[in-house]
């Protein structure tokens, strides 16, 4: 087990080096993409500011609580983008062009290679800006999270990233049957907008659907409530981890099923 982890750690380090070299080869594109993402983030916060000029609360959430929620949602989104998003959106092209054939021949786990092939360094910069907004909103709320909250928060964020990764891998796997599924994959990106909304505004079917079927209401609301010390019971945290584990297992099943039905580009 240790030798396997050491081997994959070395492979991932090499992939990181390649990603850094590739990004630094196109510095203007790297800086421009960071600027665009930050501008989009600022526009989201500006939209919240406009809404709260006309109301004091959305359901039970105040202005700075929603800013905190948006900051956490953006943090999770950017971490997901940094590690996985580019790789999963390219799966369709790998299948269509036959490049996946060569990757399957390598003595490396195919899912690992497909998922971690590239790293988007700009995602880390944007994640840092999101974390700055989180800290500022906490200060505005005069909330002081304890050590337990701060040590637990990264675990919650990782679980949220796992949910995004697993669900998008499931969607990307449809490329094995449709060849081009980029519309479906990029459509998933729009679901990030749901995670920025307070769960208290949802009722009935939609709340159940976006909690258990597509758990967008868990990925940001639960970590936000953790920092706000508003987790009334461990049930919501339990749901977050259960859904993360369930989505990961389901994505593995879908991935293996899809590979079994892969006929390669040359056949």
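All of the numbers you see were taken from the coordinates with simple rules; none came from a lab. Keep in mind it's a predicted model, so treat the numbers as computed, not measured. Every residue, glycine as well, gets a Cβ built from its backbone with ideal geometry; the counts of neighbours run over all protein chains shown.
As a length-normalised measure over Cα pairs under 8 Å and 6 or more apart, the relative contact order of the chain settles at 26 percent.
Helix 121-141 sits at what angle to the longest principal axis of the chain, using alpha carbons and giving 0 to 90 degrees rounded to 10? That works out to roughly 10 degrees. Label-to-label distance for residue 54 and residue 190 is 2.3 nm, based on points extended 7 Å past Cα in the beta-carbon direction.
Short to long, the 10 Å bins of the Cα pair-distance histogram for the range 69-111 hold 25, 36, 23, 14, 2 percent of all pairs. Note on the range 220-259: Rg/Rh from C-alpha atoms, Kirkwood Rh, equals 1.22.
Could you work out the helix-only [θ] at 222 nm for the chain, with each DSSP H run of four or more residues adding -39,500 (n - 2.57) and the total divided by the number of residues, to the nearest 500 deg cm²/dmol?
It comes out at -23000 deg cm²/dmol, rounded to the nearest 500.
Under 10 °C and 1.306 mPa s, how fast does the range 2-260 diffuse according to Stokes-Einstein, given a Kirkwood radius computed over C-alpha pairs? Answer in µm²/s, whole number.
Details: Rh = 19.6 Å.
Answer, rounded: 81 µm²/s.
Once you've got the GNM for the chain with C-alpha springs shorter than 10 Å, pick whichever of 246, 204, 71 has the biggest mean-square fluctuation. The residue that fluctuates most here is 204. For the range 187-239, what D do you get in µm² per second when you plug the Kirkwood radius from alpha-carbon pairs into Stokes-Einstein at 20 °C and 1.002 mPa s? Stokes-Einstein gives a translational diffusion coefficient of 188 µm²/s.
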